[in-house]
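> Following this message is one structure expressed as structure tokens.
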Amino acid sequence: MRIEAFEFSNQVRLYGSADGSSASLARIDSNTWTRTAGTVREAGGRLISLWGAEQAAGMFAISAAYALENGILWLQLPVGDGDGYPDLSTVFPCATRMQRAVYDLLGLRAIGAEDTRPWLNHGNWPADYYPLQKLSSGTERFESQEADYPFVPVAGDGVHEIAVGPIHAGVIEPGHFRFSVVGEKVLRLEERLGYAHRGIERLFESTPLLLGHRLAGRVAGDTTVAFSWAYCMAVEQALDVRIPPRAQWLRALLLERERVANHLGDLGALGNDAGFAYGLAQFSRLKEDWLRLNDRAFGHRYLMDRIVPGGVATDIDPRFITAMLTQCDQIDAQVRVMQNIYDDQSGLQDRFAGTGLLSAKVVKHFGVCGLVGRASGQKIDVRVDHPYAPYHEVQVQMVSDDRGDVAARVAVRFNEIYESIRLIRTLLSDLPGGDIVTQIEHSRPPSCGVGWIEGWRGDVFVALETGANGTISRCHCHDPSWQNWPALEHALIGNIVPDFPLINKSFNLNYAGHDL
Amino acid sequence: MWQLLKQIAKTGTPTQRLPEGDDAWRTEGQRIQQEVLDVLGRALCIRAIDGGSCNGCELEIHALNNPYYNIEGLGIKFVASPRHADMLLVTGPLTLNMKEAVWRAYEATPHPKLVVALGECACTGGIFKESYAVCGPLSNLLPVDITIPGCPPPPIDILRGILTALRVKHANLPP
């Protein structure tokens, strides 16, 4: 279904959007809000994100972004003070937690929603404090009063609970997992997140528009390139700025380098979680080589703050082009050796195969995205489906696998490394000349823009409303983990507790990016 | 299996092929081990805690465990329980939602209870300092022995910070 199929009276096409990755914004009423959700769902569209804002004192708006055939449809439903908006979770189950977060941040309730437990507010700030409301400064200080959280109990003979976190056993981000088990078998997993909530969306409102990429780049350290790119893309769309081709290509180079770095780390950790420490040693060595070249070529191991509004901050020196091409050959060859070794280890394959099965049905149900979706046969990749520059020229071959288990998620990672290395070779060999950044004139009237990037986990999305004189009036950042965390709960059902670390790692979802 | 062995043989030991800039501390390896022994009488056990970081610092802690840095070879290891730890290595701007967990972990840690604030956020509150949702820097909650700035600090700096914390403790021990 194409965006134009909806004929909203006030639909506005956002600047600079090319066909295939266009974006439109429409203000609608609450009947249309509900009806459109159903129509999008039936047509196979996806809910990318749901968020809210107080646009002026007492004037609220709830927003939803849908992925359609030719881009993003951003719908805004004006909501009065104290009113709610119609629940979307019966149409898009992944909306449940987003709606709970909207309430915690803004005080807007989804009318008819079944689960209204707090999500980000753990009781550490007052229940009637809503940081995104205009009355709040966002810099208040509160004394900690951790509240109890009503987990869903599972009853029955021999059922007991295992509580894990928020501090996990390894060097891992904070979150709480509540397992209900019989013996070793998991009947139910319930996640509780929000421990890394830093109030980023409120912080954006006191950040100058042209410095917001630094904050976006710290939403999630392992996805810093994708978030800063999505943010800058939104800024450039809102201000109608065209960036130089060389900057587009360098951004893609950074994004693919980020993807490879994370996949290398995950493949090692996946070996380790199945008792194959050798894999961790080998892959962490390769990842370190990769990061060191990032540092030498761009001045940062994880490429933070390299993407800036208007382009990129660092050009690439010709000697590093050669070094990167050489490194691509080396890493590609060594990863292929490692893949053969992984395939040969019967003990490893025994742990991977059939474990943590995520069916295509559950993928569809929760709108699971990114590599986890592709490992369950869902062929969706923003770089392929909505090729934003330079992916309209440097075309991506989609990688997927139909098995839906840990083995499939391992295989997708291997194949995405090969594909990203192929892309990096092309990006380096055919890199256009010219400037790397365009000067941005930000004294435009308030406007809107979206950024939509295929990060290494999946759809990274930013919706931006600019204010007057280079300010941000609202910036919403969305991590693909919002869709994928609920699916993890399903992938675990019926598995044994000791397989949880392995299954969890095979998803490797984001805490910081989700909690914001 | 032959492929695995071949790969091991071909890989060699990367710890011996460090770039020049890193040689200084590597040659110190034995002295570092001795210092760890002098202060603690055994391996140094670290409990890493994410106090609401962006995960950047965690990536660098992971990197510290790779064969290039090989910190286990120096007698330093990461442990699962604060009750087994000599040192807490804490990242992030200390979110309100992690404050109690961090405090409980500190309470559970036996002496010498070394505390290292890792990364810009833990040291100063960083870019998140003004937010309603954080209560950092870490020193607002815990007595911090050493701060390691950087966003994120590279593995070498983390190692230096860990060693400095040990040395400070060593200097303060009765003879």
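> Using +1 on the beta carbon of Lys and Arg, -1 on that of Asp and Glu, and nothing else charged, what's the dipole of the protein assembly as shown about the Cα centre, debye to 20? Mind showing how you got there, number by number?
Details: 64 positive and 79 negative charges, 161 e Å.
It comes to approximately 780 debye.
> Between the alpha-carbon centers of segment A:274-331 and segment B:106-173, tell me the distance in whole angstrom.
Using only Cα atoms to place each centre, the spacing works out to 27 Å.
> So, counting K/R as plus one and D/E as minus one, what does the shell of residues with Cβ under 14 Å around residue A:33 add up to?
Working: positive: A:27, A:35, A:41; negative: A:29, A:83, A:87.
Once all neighbours under 14 Å are counted, the net charge is 0.
> Considering only DSSP states other than H, G, I, E and B, which chymotrypsin sites (Phe, Trp or Tyr not before Pro) in segment B:93-163 qualify as loop sites with at most 14 other Cβ atoms within 10 Å?
Listed in order of number, the matching sites amount to none.
> Something else about it: Would you pull out the residues with amide H under 5 Å of residue A:52's amide H, same chain only if 5 or more places away, H placed 1.01 Å from N?
A:63
> Around residue A:15, with a cut-off of 11 angstrom between Cβ atoms, what is the net charge of the other residues, counting Lys and Arg +1 and Asp and Glu -1?
+1
> Only counting other Cβ atoms within 10 Å, I'd like A:178, A:198 sorted with the fewest neighbours first.
Exposure proxy ranking, most exposed first: A:178, A:198.
> Can you compute the charge dipole magnitude of segment A:3-138 about its Cα centre, using +1 on each Lys and Arg Cβ and -1 on each Asp and Glu Cβ, nothing else charged? Give it in debye, rounded to the nearest 20.
About 200 debye.
> While we're looking at this one, here's another question. Between residue B:130 and residue B:43, 0.36 nm times their residue separation minus their Cα-Cα distance comes to what?
Working: separation 87, 0.36 × 87 = 31.32 nm, distance 3.85 nm.
Length gained, residue B:130 through residue B:43: 27.5 nm.
> Averaged across the residues of B:96-108, what count of C-beta atoms belonging to other chains lies within 10 Å of each residue's C-beta? Mind dumping the intermediate values first?
Details: counts 15, 17, 10, 5, 6, 7, 3, 1, 1, 1, 0, 0, 0.
Counting Cβ atoms of other protein chains within 10 Å of each residue's Cβ and averaging gives 5.
> While we're on this one: Going by how many other beta carbons lie within 10 Å of each one, how would you line up A:482, A:51, fewest first?
Listing A:482, A:51 from fewest to most nearby Cβ atoms yields A:51, A:482.
> What average number of partner chain Cβ atoms lie no more than 10 Å from the Cβ of the residues making up A:505-516?
2
> When B:95, A:139, B:124 are ordered from fewest to most other Cβ atoms inside 10 Å of their Cβ, what list results?
Working: B:95 31, A:139 14, B:124 18.
Least to most surrounded, the residues fall as A:139, B:124, B:95.
> Looking only at GluC sites (Glu not before Pro) in DSSP loops with at most 16 other Cβ atoms within 10 Å, what is the longest site-free stretch of chain A?
A:185-392
> Another question, if that's okay. Per-residue Cβ counts within 10 Å, from other chains only, averaged over A:135-144: what number is that?
Other-chain Cβ atoms within 10 Å of each residue's Cβ, averaged: 3.
> Right, something else. Please report the relative contact order for chain A, taking Cα pairs under 8 Å with a sequence separation of at least 6, and give it as a percent rounded to a whole number.
18
> So which trypsin sites (Lys or Arg not before Pro) in segment B:39-147 end up in coil per DSSP with only 11 or fewer other C-beta atoms within 10 Å?
Passing sites in segment B:39-147 are B:42.
> Simple spin-label model, 7 Å along Cα-to-Cβ: residue A:361 to residue A:429 in nm?
With each label placed 7 Å out from Cα toward Cβ, I get 4.6 nm.
> Would you mind checking the radius of gyration and Dmax of segment B:26-172 based on alpha-carbon positions, in Å?
14.4, 46
> Shifting gears a bit: Rounded to the nearest 0.05, what FRET efficiency do residue A:127 and residue B:10 have when you use their Cβ-Cβ distance and R0 = 35 Å?
For R0 = 35 Å, the calculated efficiency reads 0.05.
> Going toward the positive end of the dipole of the protein assembly as shown, with +1 on Lys and Arg Cβ and -1 on Asp and Glu Cβ, which of B:45, A:224, A:460 do you reach last?
Projecting each Cα onto the dipole axis, the largest value belongs to B:45.
> With a/c under 1.5 counting as rounded, go ahead and sort chain A into rounded, prolate or oblate using the C-alpha gyration tensor (a ≥ b ≥ c being the square roots of the eigenvalues; past the cut-off, prolate if a/b is larger than b/c, else oblate).
Verdict is oblate for chain A.
> While we're on this one: Along Cα→Cβ, 7 Å out, is where each label goes; now give me the distance between the ones at residue A:398 and residue A:155 in nm to one decimal.
For residue A:398 paired with residue A:155, the spin-label model returns 4.6 nm.
> Right, something else. Full extension from residue A:56 to residue A:12: what is 0.36 nm times the residue separation minus their Cα-Cα distance, to one decimal in nm?
Gain on stretching residue A:56 to residue A:12: 13.8 nm.
> Per the Kirkwood formula on distinct C-alpha pairs, the Rh of segment A:37-183 is how many angstrom?
Hydrodynamic radius (Kirkwood, Cα pairs) of segment A:37-183 is 17.7 Å.
> Something else: Work out the charge dipole of the protein assembly as shown with +1 on the Cβ of Lys and Arg and -1 on the Cβ of Asp and Glu about the Cα centre, then indicate which of A:484, A:168, A:135 is farthest towards its positive end.
A:168
> Right, something else. I want the antiparallel fraction of DSSP beta bridges within the protein assembly as shown, as a percent rounded to 5.
Looking only at bridges with both residues in the protein assembly as shown, the antiparallel portion is about 70 percent.
> Relative contact order for segment B:26-172: what percent, with Cα pairs under 8 Å and sequence separation of 6 or more?
Once normalised by length, the contact order is 25 percent.
> Another question, if that's okay. Can you give the net charge of the other residues whose Cβ lies under 10 Å from the Cβ of residue A:498, counting K and R as +1 and D and E as -1?
Its environment carries a net charge of -2.
> Something else: Based on Cβ point charges of +1 for Lys and Arg and -1 for Asp and Glu, what charge dipole magnitude is obtained for segment A:200-515 about its Cα centre, in debye rounded to the nearest 20?
Around 160 debye, computed over segment A:200-515.
> Within 10 Å of each candidate Cβ there may be at most 15 other Cβ atoms; applying that plus a DSSP loop requirement, which trypsin sites (Lys or Arg not before Pro) in segment A:57-136 survive?
A:134
> Could I ask something else about it? Using a basic spin-label model with each label point 7 Å from the Cα along Cα→Cβ, how many nm lie between residue A:2 and residue A:349?
It is 4.7 nm.
> Along the charge dipole of the protein assembly as shown, Cβ charges K/R +1 and D/E -1, which of A:61, B:105, A:372 sits furthest on the positive end?
Going by the Cα projections, it comes out as B:105.
Every number here is computed from the coordinates shown, using simple stated rules; none is lab data. Every value quoted in this text rests on a predicted model; they were computed, and no experiment measured them. Heads up, the Cβs are rebuilt from the backbone with ideal geometry, glycines too, and the neighbour counts pull from every protein chain shown.
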